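Read through the structure below, which is laid out as structure tokens, and then see the notes.
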There are 2 protein chains.
Amino acid sequence: MFSAHPEPTVDVRRSHAGLTSSSFDDRMASATIRRLLAKEHVFCEGDKRDHVFYVEEGVIAVYKTLPDGRRQIIDFAYPGDLIGLGVLGEHVLSAQATATSRVKCLSAATLERIAETDARLALKLYKSVCHELAATRSLLVTVGQRSAIERVAAFLVRLHRRTGVEESSTINLAMRRSDIADLLGLTIETVSRTLTKLRTMGAIEIEQGGTRVHLRDLGRLLELANE
Amino acid sequence: MFSAHPEPTVDVRRSHAGLTSSSFDDRMASATIRRLLAKEHVFCEGDKRDHVFYVEEGVIAVYKTLPDGRRQIIDFAYPGDLIGLGVLGEHVLSAQATATSRVKCLSAATLERIAETDARLALKLYKSVCHELAATRSLLVTVGQRSAIERVAAFLVRLHRRTGVEESSTINLAMRRSDIADLLGLTIETVSRTLTKLRTMGAIEIEQGGTRVHLRDLGRLLELANE
DNA sequence: CGGCGTTTTGAGATATCTCAATGGGAGTGG
DNA sequence: CCACTCCCATTGAGATATCTCAAAACGCCG
């Protein structure tokens, strides 16, 4: 379904789909593991798209840069997500670990061949694009319409939903302020100031090093996020 | 492929795919036509998603609103685009004509039924999501990273590529300043001022009523857009 | 002509950015 | 174990792009 048709544009990126197709599972079991340190790249825009990566641990920032170096992070990929899917021979986005991470490297050609006969897998890939699209639209609304405090609150809430362990309202950012800034279309300083404002308001607590954040008043954050 | 699987999130929106599958063509031929005046809605967020719409003429703004009324336009749909596709029973976005428009109303259930057996159509729908995703990411980069003048220049260039007749570098906005503002995450006034700045610079000429714009210096616009 | 919706323009307010300095934590090497 | 360095986060102060509020001009339609 994917590889047979040359296609002029896009690149599919992440899957929330549980990966249960049996032939796919076989692949997963025998796949190569790659470990990354913070700031290491999984792939770059323009690289040959010969692998698809399944995130097992850590956080991967998927982003696009402008010619002058400005960077927009499109999304963060967490364990269980699939990155690097697409219909083109080259990656149109870059992906970089924001913290120590581990990914499984899957052959793109093989995956796409399996998808041709395995309707369940094909459907999962399709759904993953839909999820991706929804997430991107949601971020677009945030960046286009919300103020700094709303953006940061929305980010925290979303991160909590995505990675938060039940009951615990402490989240591990596992990334730098610059990553948050590039996701939200703000500067590092504004992100920092906004976090301290949220702290001052009593909505959050920031632990040592500023990477762990305790969401003290989730209701307040939701309200601020305007969701 | 689409209807059989209840799915918790998204809504696929637009297709650039040439629509040539024969059973689909039959549907198209017998479909109901709906004519819309500017500001009329094609559908609203939360509406039952029983139809998919093929834009034949005009411009349809597809958007999302925040609880307090702020609006982010996700994209404009032009003739040849398909809107309202998705995997959910309800629309998650709203769609409104920005100018007099004409759409063909297609039964969502039927379309999805055909897609289950017609691989070519299914593939086209898949590709349309990919295109949509690429367009949304591109807009996200614009809104998150670019200045007002860069955003407006990028918008004009994109509109020209999308709807511009060969050779003619005059484009018809067919929408209000408020629509452009809500697409780019700016205010009406900033859009207006930015357009006059581009005019003063000699990059564009604005015709009567401000709806037709002549791109006088496309190179300059491209440069400004930072693409 | 008169009214309405829209665009343009102006002037002042403000959120965010920029530039710069300070401080903290982690790692390194003496 | 203590400098020392590096990277990152925080904080401050001033600059600025964009927003807000307000008024005027324009184009369209009855």
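For every helix of n ≥ 4 consecutive DSSP H residues, a contribution of -39,500 (n - 2.57) applies; sum these over the protein assembly as shown, divide by its total residues, and give [θ] at 222 nm rounded to the nearest 500 deg cm²/dmol.
Numbers: 14 runs with 182 residues, N = 454.
Computed ellipticity for the protein assembly as shown at 222 nm equals -12500 deg cm²/dmol.
Think of chain B as having a plus end and a minus end, set by charges on the Cβ of Lys, Arg, Asp and Glu; of B:Gly84, B:His131, B:Thr98, B:Thr98 sits farthest toward the positive end of this dipole. Each residue in A:Arg161, B:Arg102 was given a count of other beta-carbon atoms within 10 angstrom of its own, and listing them fewest first yields A:Arg161, B:Arg102. Springs between Cα atoms under 10 Å define the GNM used for chain B, and in it the highest mean-square fluctuation of B:Asp217, B:Asp179, B:Asp81 occurs at B:Asp217.
If the viscosity is 1.002 mPa s and the temperature 20 °C, what Stokes-Einstein diffusion coefficient in µm²/s follows for the protein assembly as shown when Rh is the Kirkwood radius over Cα pairs?
Values: Rh = 23.0 Å.
For these conditions, the coefficient is 93 µm²/s.
The ranking of B:Thr200, A:Thr170 by Cβ neighbour count inside 10 Å, starting from the fewest, reads B:Thr200, A:Thr170. Summary for B:Glu223: label point 7 Å along Cα→Cβ; distances to the equivalent points in the other copies, ascending, 5.1 nm.
Which value, in debye to the nearest 20, describes the size of the charge dipole of the stretch A:22-142 about its Cα centre when Lys and Arg Cβ atoms bear +1, Asp and Glu Cβ atoms bear -1, and nothing else is charged?
Details: 16 positive and 16 negative charges, 37 e Å.
Here the size comes out at about 180 debye.
Strictly greater than 21 Å: what percent of every Cα pair in the stretch A:100-227 meets that? Counting every Cα pair in the stretch A:100-227, those more than 21 Å apart make up 49 percent. This ranking places A:Asp47, B:Asp75 by how few other beta-carbon atoms lie within 10 Å of each, fewest first, which gives A:Asp47, B:Asp75.
Laboratory data are not the source of any read-out in this text; all were calculated from the coordinates shown. A quick note: this is a predicted structure, and the numbers were derived from the prediction, not measured. Using ideal geometry, Cβ is built from the backbone for each residue, glycine included, and neighbour counts are taken over all protein chains shown.
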